[in-house]
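This report concerns only the one structure given below.
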Amino acid sequence: MKKLNVTPKNISTFISIIIFAIIMSLVLACATRPAIKKVWTKPNFTQQEWATDKYACLQQSQQNYAYSEGGYYIGNVYFPPEAKSKVITNWELFNACMESRGWRLVEERQQ
């Protein structure tokens, strides 16, 4: 019976092959998975109805977001406190608005 010659180089090569096989399996699994896209739908809707409802719901779901940053030093330079604000979209409110107008968010598979 022949004895196996196990060396650090053989082990390193074996581990590299295993890691490569795992990475390739993950890449192929992601590449073959069909894309799923969420779309709003409603029976017998027109493009004008979609645009009107979407615009109205976007307007209703806008919220002001105000915050402040305290003063801080970077080296010898002092940056005084600042009050900031911006407008953000509350997506939960937008979704509720669309649903109240009869729209449903469904998953659609992409080819």
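Quick one: net charge of N64's neighbours, Cβ under 13 Å, K/R +1, D/E -1?
On the way: positive: K84, K86; negative: none.
Around N64, the surrounding residues sum to +2.
Just add up the charged neighbours of P43: K/R +1, D/E -1, any other residue whose Cβ is under 12 Å from the Cβ of P43.
Working: positive: K42, R104; negative: E49.
Around P43, the surrounding residues sum to +1.
What order do you get for 42-51, 86-95 when each peptide is scored by the mean count of other beta carbon atoms within 10 Å, highest first?
86-95, 42-51
Summing -39500 (n - 2.57) over the DSSP H runs of n ≥ 4 in the chain and dividing by its residue number, what mean residue ellipticity at 222 nm do you reach, to the nearest 500 deg cm²/dmol? Numbers along the way, then the final one.
Values: 3 runs with 49 residues, N = 111.
About -14500 deg cm²/dmol.
How long is the gain from I22 to E49 if the chain were fully straight, where each residue apart is worth 0.36 nm and the alpha carbon distance is subtracted? Could the numbers behind the result be given before it?
Numbers: separation 27, 0.36 × 27 = 9.72 nm, distance 4.87 nm.
This chain segment gains 4.9 nm when fully extended.
Choose one of N64, T52, I88: the residue whose Cα lies farthest towards the positive end of the charge dipole of the range 36-109 (beta-carbon charges +1 Lys, Arg; -1 Asp, Glu; about the Cα centre).
Result: T52, furthest along the dipole toward the positive end.
Give me the Å³ per residue figure for the convex hull around the C-alpha atoms of the range 36-109.
Details: hull volume 9.6 nm³, N = 74.
Spelled out: Cα convex hull of the range 36-109, divided by residues, is 130 Å³.
Kindly write out, for the range 62-71 in residue order, the coupling ³J(HN,Hα) from the Karplus curve 6.51 cos²θ - 1.76 cosθ + 1.60 (θ = phi - 60°), rounded to whole Hz, with x marking Gly and Pro.
With coefficients 6.51, -1.76 and 1.60, one gets 7, 9, 6, 10, 10, 7, 10, 10, x, x Hz.
Quick note: the coordinates plus some simple rules give every number you see, no bench work behind them. Predicted model, so just to flag it, every value in this text is computed and none were measured. As a convention, Cβ positions derive from the backbone with ideal geometry for all residues, glycine included, and neighbour counts pool all protein chains shown.
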